[in-house]
Amino acid sequence: MSSIDPAELIALDRLAPALVKATEDDRWRGCAAELVVGGKSNLTFILRSDAGELVLRRPPTGELLPSAHDMAREARVQRGLAGTAVPVPRVVLADQGDLIGVPFYVMEKVPGHVVRDRLPDGWARTPGERRAMAFALADT
């Protein structure tokens, strides 16, 4: 867990009611947030409540280039790919900055592994399996 207070960076007091409205599930009123560490650019948070888990993406803090960190573009691309062969999570909520002070979007959390510097145990042990996995990623 990071020393950054997620509640301040995503204004949980304003976000939670918006999640209730977007999901039509009152259990989001009592949500908590955790910053996912290890990212290189935009900030990613896991949102948790009795309703389950969602993922929020927002730009980093500080000065930004005008065209960088376009959360609306990320959400548009994901919405555009929904229903195609490209696996993308459903966008639950997107905002241009009115709600929490910066543009952001919230998407469903997809179960799986986050691969950073090594694969999970048992995955792609042989060169042939690693090659097949790389081609599957490129095909996607």
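The values are calculated or read from the model by the stated rules, or taken from the named source; none is laboratory data. Keep in mind it's a predicted model, so treat the numbers as computed, not measured. Note that we place each Cβ from the backbone using ideal geometry, even for glycine, and neighbour counts take in every protein chain shown. Keep in mind that these areas ignore ligands, DNA and RNA; they rest on the heavy atoms of the full protein, side chains included. Shrake-Rupley method; radii C 1.70, N 1.55, O 1.52, S 1.80 Å.
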Would you please list the contacts, defined by Cβ atoms under 6 Å and residues six or more apart or on different chains, that run from a residue in segment 68-87 that is among the polar types (S, T, N, Q) to a residue that is not in a loop (DSSP other than H, G, I, E, B)?
Gln78/Val91
Taking the residues in segment 89-136 that are of a type in the set (Val, Ile, Thr) and open to solvent by less than 60 Å² (accessible area, probe 1.4 Å) as candidates, determine which candidate is farthest from Ala68 (Cα to Cα).
Val92
